[in-house]
Amino acid sequence: MSRALAYAAFDKTSPFGPFNIDRREPGPRDVQIDILFCGVCHSDLHTARSEWAGTMYPCVPGHEIAGRVTGVGSAVTGFTAGGLAAVGCMVDSCMTCGSCLAGHQQYCDNDDITFTYNAPDKKQPGAITYGGYSSRIVVDERFCLRVPETLDLAGAAPLLCAGITMYSPLRHWGAGKRTKVGVVGLGGLGHMGVKLSHALGAHTVLFTTSPGKTADAKHLAADEAVISKDAAAMQKHAASFDLILNTVAASHDLDAYTALLKRDGTMVLIGVPEQPHPSPNVGPLIFKRRRIAGSLIGGIPETQEMLDFCAAHGIVSDIELIPIQKIDDAYARMRRGDVKYRFVIDLASLKA
Ligand code: NAP
Ligand code: ZN
């Protein structure tokens, strides 16, 4: 075991504070990473503040991890000390079922995924996993990603959750030229959705509750931006979308968006609100064979594909770099939708 510095939530309301954690010594297949940057996902907030069931305290969130390799086990082939490496939302899965073997570890048929934080740690029985709000992490190389050297590392960190969570459904539902894609909510996920959808060639429309964000949406390469509270503006897009990715982190009326899908169009639910959405009206679904679906992050091969796609298209997240000591303030701003468009923690501040 080796000591690592971390920041933890100790209960659902107290401010974050320093916390020492033990990281295992690298086993044969492990990669040890000095964490340089970690993005701040709304899932971190949901978990740290116990908005979802099952938070185990102290809780060290963080699943958008980018850093430098400081050691590798004897059987590691894909990483060497001194190189860059990244870790997303998972650090292990059964790796024997059909889904894992197909590279869709997030949908493990045995429900045997070890999430990067707040999960029982199979590698350290009795312990739980601690995420990227820390100085170091040790991860099985099969769950480590290669970060192209051309990408700004701080801006690349959010690709490990926000990026892949949007890339996977865009690819699965065939976003590309001659498709019209909507992205609901311009936060961390939403702004990556806009960039990736545009890069894939789709006509991309952003739906926001924040009038102040429409100009930004255009800078981020949205073709159009719609204030979702403006019924007339919404009506102009009725029955016209192939795909809508809904990232909103709060319960809301889904019917306003299903009405915008054309025949056989799909709305993918990605946000995981604390309270359930009101049940959608079945009529608009039945009459145009519309679908409501869900999507969870992405598998490891697809995450690597997404990082390489981002390198080829020069895509990183628009970030606000913060010291770890500002994490409570960042959460308060995220709750207000006041993020442009991802907070990223500079882990150098942990040692300061
Ligand atoms: P975020 O940065 O906070 O963005 C959420 C956006 O939703 C806000 O910026 C806001 O955009 C919009 N929104 C509208 N009404 C809201 C309200 N009442 N409360 C909060 N947001 C509201 O969050 P994120 O990191 O992108 O995550 C979004 C959701 O996805 C979270 O629930 C998160 O847990 C979930 N998530 C799911 C997956 C998955 O695999 N399915 C992966 C990661 C995260 P406007 O101002 O533009 O309206
Ligand atoms: Zn996340």
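The values are calculated or read from the model by the stated rules, or taken from the named source; none is laboratory data. From a predicted model like this one, the values you see are computed outputs, not experimental measurements. Neighbour counts are summed over all protein chains in view; Cβ atoms, including those assigned to glycine, are modelled from backbone coordinates with ideal geometry. The area values use the complete protein model at the heavy-atom level, side chains included, leaving out ligands, DNA and RNA. Shrake-Rupley method; radii C 1.70, N 1.55, O 1.52, S 1.80 Å.
With θ set to phi - 60° and the Karplus curve 6.51 cos²θ - 1.76 cosθ + 1.60, what are the ³J(HN,Hα) couplings of region 150-157 in order, to the nearest whole Hz, using x for Gly and Pro?
6, 7, 4, 5, 5, x, 7, 3
Nothing charged except the Cβ atoms of Lys and Arg (+1) and of Asp and Glu (-1): what's the magnitude of the dipole of the chain about its Cα centre? Round to the nearest 20 debye.
With only Lys, Arg, Asp and Glu charged at Cβ, the dipole is about 720 debye.
Order of 95-106, 150-161 by packing, highest average Cβ count within 10 Å first?
Answer by packing, highest mean first, reads 150-161, 95-106.
For a quick check: with amide H placed at 1.01 Å from N, whose amide H comes under 5 Å from Arg290's, ignoring anything fewer than 5 positions away on the same chain?
Amide H neighbours of Arg290, under 5 Å, 5+ apart: Asp264.
Can you tell me the orientation of helix 300-313 relative to the chain, as the angle in degrees between its alpha-carbon axis and the longest Cα principal axis, to the nearest 10?
Tilt of helix 300-313: around 70 degrees.
Please name whichever of Ala6, Gln32, Ser228 sits farthest to the positive end of the charge dipole of the chain, dipole taken about the Cα centre and charges placed at Cβ: Lys and Arg +1, Asp and Glu -1.
Projecting each Cα onto the dipole axis, the largest value belongs to Ser228.
Nearest 5 is fine: what % of DSSP beta bridges in the chain come out antiparallel, could you say?
Among the beta bridges of the chain, antiparallel pairing accounts for roughly 55 percent.
Could you list, bin by bin from short to long, the percent of Cα-Cα pairs of region 255-321 in 10 Å steps?
Going from the shortest bin to the longest, the percentages are 16, 31, 29, 22, 2.
On a 0 to 90° scale, report how tilted helix 188-199 is relative to the longest principal axis of the chain, with both axes built from alpha carbons and the result rounded to the nearest 10.
Long axis of 188-199 versus the principal axis of the chain: about 70 degrees.
Each residue of region 319-330 in turn: what ³J(HN,Hα) in whole Hz from Karplus with 6.51, -1.76, 1.60 and θ = phi - 60°, glycine and Pro shown as x?
Running phi through 6.51 cos²θ - 1.76 cosθ + 1.60 with θ = phi - 60° gives 10, 10, 7, 10, x, 4, 5, 9, 5, 5, 5, 4 Hz.
With a Förster radius of 35 Å, plug the Cβ-Cβ distance of Asp11 and Thr96 into 1/(1 + (r/R0)^6) and report the FRET value to the nearest 0.05.
Calculated transfer efficiency: 0.40.
Given the options Leu269, Trp52, Ile128, identify the residue whose Cα lies farthest towards the positive end of the charge dipole of the chain (+1 on Cβ of Lys, Arg; -1 on Cβ of Asp, Glu).
Going by the charge dipole, the pick is Leu269.
Run the dipole for region 1-50 about the Cα centre, Lys and Arg Cβ at +1, Asp and Glu Cβ at -1, nothing else charged, and hand back the magnitude in debye, nearest 20.
80 debye
For the chain, what does the relative contact order come out to in percent, with C-alpha contacts under 8 Å and a separation of six or more?
18 percent
Got a sec to turn the phi values of region 16-33 into Karplus ³J(HN,Hα) couplings, 6.51 cos²θ - 1.76 cosθ + 1.60 with θ = phi - 60°, whole Hz, x for Gly and Pro?
Karplus values, whole Hz, x for Gly and Pro: 4, x, x, 7, 8, 10, 9, 9, 5, 5, x, x, x, 9, 9, 10, 9, 10.
Grab every C-alpha pair in region 219-352, bin the distances at 5 angstrom width from 0 up to the longest one, and report whole percents.
The distribution over region 219-352 is 2, 8, 12, 15, 18, 17, 14, 8, 4, 2, 1, 0, given as percents.
Based on the mean of other Cβ atoms within 10 Å per residue, sort peptides 142-149, 191-198, 210-217, 28-35 so the most packed one is first.
191-198, 28-35, 142-149, 210-217
Lys pairs in region 109-225, Cα-Cα under 16 Å, at least 8 apart or on separate chains: how many?
Lysine pairs meeting the criterion: 5.
So which trypsin sites (Lys or Arg not before Pro) in region 159-192 are both in a DSSP loop and have at most 12 other Cβ atoms within 10 Å of their Cβ?
Answer in residue order: Lys177, Arg178.
Give the carbon-plus-sulfur fraction of the accessible surface of region 48-185 in %, rounded to a whole number; probe 1.4 Å, heavy atoms of protein chains only.
52 percent
Quick one: helix 162-172 against the long Cα principal axis of the chain, what's the angle to the nearest 10°, folded into 0 to 90?
Taking the Cα atoms of the chain, the angle to 162-172 is about 50 degrees.
Output the relative contact order of region 1-93, whole-number percent, from Cα pairs under 8 angstrom with separation of 6+ residues.
Contact order relative to length: 29 percent.
What's the Cα-based Rg to Rh of region 1-105, Rh via Kirkwood?
1.00
Averaged per residue, what accessible area in Å² does the chain show with a 1.4 Å probe, protein chains only?
For the chain, the solvent-accessible area averages 40 Å² per residue.
7 Å from Cα along Cα→Cβ at both Ala312 and Asp230: what's the point-to-point distance in nm?
Result for the modelled spin labels: 3.6 nm.
May I ask for the Kirkwood hydrodynamic radius of the chain, worked out over all distinct Cα pairs and given in angstroms to one decimal?
The answer is 20.5 Å.
Run the dipole for region 1-160 about the Cα centre, Lys and Arg Cβ at +1, Asp and Glu Cβ at -1, nothing else charged, and hand back the magnitude in debye, nearest 20.
Computed charge dipole of region 1-160: roughly 280 debye.
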